[in-house]
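Inspection log for the structure reproduced underneath, given as structure tokens.
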Ligand SMILES: [Zn+2]
């Protein structure tokens, strides 16, 4: 596809957790917990006033408000700040320093006086109802000529356990937000920029690693379309696909509009209660519903069911909008009969709604008239957009598995921010800025490893990107041979992990002790897998190395075997070569399996032969 | 001009020599004032006055505001937060209130509660009295939480009321979506329209948004600096609770019921009183500094003690005409100065045992007693009498 021709522009926002000791606005450790370990829970209602919830009618808004109850899990590692029961501590200076380092790496200008703001977030993921965030630096440069607009330091939100239950362990972990300008024009370019920024972040050695510690939001628009923000892309590899699918969605929505115009499609509020038609329905959803309402969309048949990106139809968009009123979703006649709704019932509804062949009927099942009306109002609003001059609404969407996306909410304006008066501004003076040092980029480091230590280029890159990089550098500082350390980290551990060994339980200290043991000859490098297996199963390094035999050199092996044969000369005389089997066991016990059996049997055979020959001569 | 680019923003204020500017993105940054150039004024947007219909058939409540924020509005253009005191604004912010009662609002003061004074207590008492005479079904007082318990005690002594007088506030600022202001306000309105007939504080009972506790105005303390459930009844159980969101009020047997007391006001106070917390090694000079005070409440240790070295100074104060009342800094439990020698010496010096009164309640009470009774003997026995539930005769409550 010629992305240039369709006018693709994209920008990204990267959110990366920082690996500081303490959280951003309290002194709790930045520890993630298993939600089953929670030590307590409480619940709150979040309240918003005026039009902060978007275009939902007032009555329904009230109803939703009362039902929007959020439960929070607390831990022995969280405090009253996370509970929104205590004012925040001063901004974590370690986190600010990491931000300044990153700002320097992108050649940015720091903000002289950093002000913490409250950004309204009412989805429950912040106990306070807002996220604390501060703009730290402006105006950076990317290698592709693009621009980094801003770096913000924010607090991480609480982790959703399920539905309206949140876990407070993650809330307050420092998060750096890096925003690029809309400077990218192909899906691949977006991915490359994301990869590059991720590499720069990891170069500081101060960012958290693992699933969920980095999230990308992508802003995408095409000519004639609109800016759409897709949130929560966790896998870097998917970014290009997300962009491709969003382009497809926007293009298809534009094409659908053309078709609708040709059909002279129109959207009116003709919603009606059709509950009576379904009094004896077989559909479980409809049977449970107190009220069922139907809406006729003139000229929409076939288009509600039209695929706009893999797994998503225009009807899915209607459904997302309707769900904001607390209904489970909608049905439309393009997908019916199905879900237990019969063709006969569909026909009855069509007749009741005076629908022509070209008209599509949307139905909603809800617990009350208010909710049903609210949901259909949402559908009307979305359907009107589909025929409007801007058929792609500006939206915040969430990524679905595979790279498609679902509607979350309208794009937030800039207006929902006000000062966090409980946190004092922080001054970044010249002295502090000038003292901020820039670490070696991992890409540069990889090159250096390859050159200085004669490590394979590919290996060097993997090493530089590895979580064990600090360990590797520590090993070098302690005089361990780079190849030994690199091989252990990249090959041995990968193989062990593949065999189901819990390699992550091995501490850096154990790695170093092992390497020192190899370097001093206390053990052989062949024994490392066994050593690690022992340590991973919970034993101490010293215990394991004691249990494993001191690995024997071939010279030592020869003298051990020589001695064993000499001690049993009578037995060898009697049995001759037949002594090989029984003696094999004796030798293997002596060296505790640390030597290849084939080598042992070879030497043993020679020794037996020699002893036998010696006796006879 | 900043970071090599010209940016537009709204100038907010000057702070520590920096110009604070709100960028289009909503963020504030502090920049060197010389890097800013003035381009024009922000257009005024007239605040729209919502028209909130009140339901006349519902009970009538008066809301007297002293400065505690029950509702606030954020201007996201500038980030400024303003408190709302007018009935229409409060009802816009907390629509559920409209289902409980109709309201009159009386803006009495806009102060931080640490700036409260006995003079304002008196003005508050008069304002409340006027509302009661007007025939309202209950009065709500919005108040900062820091000294809310002092004010509640003061109003308890100054006013006899047939209708509930409910103090309410918020521990977490009203601008945040998680604020306790709305639930506290709704529960306060429920309590103020209930069968209660005394002065109470209604605030969160737990950290969750499930229940508000109704505390007696003379037996309540702020026991935490920031938690929502900071207010606790001390020495007695709460008078009742209000469930949220149902609004169901349940009153305990010991709560005074609506209509039990006749309306009345005794708003004289003797301000020249003090409250002194004893500590080990305290110098007699500090005690002597209270010379000339009409009343002094001591928060003694344990059963109500000060060191032996202070006893001559205590005796001196009493002889000079100061009414000295002993309470305990333990907060829980009652004073008994008959157990140890020091206590007996204090009694001999003329100190009056303050029973299980909270020290700050005893202070407010001594102001009121001395404002209304000049005879030392009778003032002393009034201090030991239970006037508004501030003293219990039996200690039924543990810790
Ligand atoms: Zn904490």
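The values are calculated or read from the model by the stated rules, or taken from the named source; none is laboratory data. Values in this document were obtained by computation on a predicted structure and should not be read as measured data. Glycine also receives a Cβ, built like all others from the backbone with ideal geometry; neighbour counts cover every protein chain displayed.
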- Task: Could you identify the single residue in B:135, B:79 that is in contact (Cβ under 8 Å) with a residue 12 or more places away in the chain and under 30 Å from residue A:119 (Cα atoms)?
- Result: B:79
- Task: May I ask you to verify whether residue A:393 is under 30 Å from residue A:88 (Cβ atoms), in contact with a strand residue (DSSP E or B) (Cβ under 9 Å, 6 or more places away or on another chain) and not assigned by TED's automatic domain parsing to the domain that holds residue A:289?
- Result: no
- Task: All but one of (1) in a strand (DSSP E or B); (2) free of Cβ contacts under 8 Å to residues at least 40 places away in the same chain; (3) surrounded by fewer than 23 Cβ atoms within 10 Å (Cβ to Cβ) hold for residue A:150, so report the exception by its number.
- Result: (3)
- Among residues of the range A:1-39 being within 14 Å of chain B (Cβ to nearest Cβ) and surrounded by 18 or more Cβ atoms within 10 Å (Cβ to Cβ), the residue farthest from the ligand (Cβ to nearest atom) is A:11
- Count of the range B:92-130 residues which are in contact with a helix residue (DSSP H, G or I) (Cβ under 6 Å, 6 or more places away or on another chain), buried (at least 21 other Cβ atoms within 10 Å of the Cβ) and part of a helix (DSSP H, G or I): 3
- Out of curiosity, is residue B:174 more than 30 Å from residue A:416 (Cα to Cα) and crowded, with 20+ Cβ neighbours inside 10 Å? no
- Item | Odd one out for residue A:393 among (1) surrounded by 15 or more Cβ atoms within 10 Å (Cβ to Cβ); (2) in a loop (DSSP other than H, G, I, E, B); (3) within 14 Å of another protein chain (Cβ to nearest Cβ) | (3)
- Query: Within the group B:314, B:325, B:335, which residue is in a helix (DSSP H, G or I) and surrounded by 15 or more Cβ atoms within 10 Å (Cβ to Cβ)?
  - Reply: B:314
- Determine whether the range B:18-39 contains at least one residue that is buried (at least 19 other Cβ atoms within 10 Å of the Cβ), facing chain A (nearest Cβ under 7 Å), at pLDDT 90 or above and in a loop (DSSP other than H, G, I, E, B). yes
- Quick one: count up the residues across the range A:104-123 that are out of contact with any helix residue (DSSP H, G or I) (no Cβ under 7 Å at 6 or more places or on another chain), facing chain B (nearest Cβ under 10 Å) and touching a residue at least 40 places away in the same chain (Cβ under 8 Å). 12
- Count - residues of the range B:185-208 that are part of a strand (DSSP E or B) and within 11 Å of another protein chain (Cβ to nearest Cβ): 1
- Message: Taking the condition of being surrounded by fewer than 24 Cβ atoms within 10 Å (Cβ to Cβ) and closer than 20 Å to residue B:104 by Cα, how many residues in the range B:156-171 meet it?
- Response: 1
- Message: Could you check the range B:159-184 and list, in sequence order, the residues that are more than 11 Å from chain A (Cβ to nearest Cβ) and either modelled with pLDDT under 95 or under 19 Å from residue B:124 (Cα atoms) (or both)?
- Response: B:159, B:160, B:161, B:162, B:163, B:164, B:165, B:166, B:167, B:168, B:169, B:170
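Rundown of residues vs (1) away from the ligand (no atom under 16 Å from the Cβ); (2) buried (at least 18 other Cβ atoms within 10 Å of the Cβ); (3) modelled with pLDDT under 95, yes/no style:
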position	(1), (2), (3)
A:48	yes, no, yes
A:54	yes, no, yes
A:62	yes, no, yes
A:75	no, yes, no
A:88	no, yes, no
A:110	yes, yes, no
A:113	yes, yes, no
- Task: Tell me which residues, restricted to the range A:346-378, are more than 39 Å from the chain's Cα centre (by Cα) and closer than 12 Å to residue A:327 by Cα.
- Result: A:369
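To keep it simple, each residue is scored yes or no on (1) within 16 Å of the ligand (Cβ to nearest atom); (2) modelled with pLDDT under 95; (3) in contact with a helix residue (DSSP H, G or I) (Cβ under 9 Å, 6 or more places away or on another chain).
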site	(1), (2), (3)
A:134	no, no, yes
A:146	no, yes, yes
A:161	no, no, yes
A:165	no, no, yes
A:168	yes, no, no
- Query: Only one of A:251, A:317 is under 39 Å from the mean Cα position of the chain (by Cα), crowded, with 17+ Cβ neighbours inside 10 Å, assigned to a helix (DSSP H, G or I) and not assigned by TED's automatic domain parsing to the domain that holds residue A:345; which?
  - Reply: A:251
- Item | Some residue of the range B:209-223 being in contact with a strand residue (DSSP E or B) (Cβ under 8 Å, 6 or more places away or on another chain) and facing chain A (nearest Cβ under 8 Å) | yes
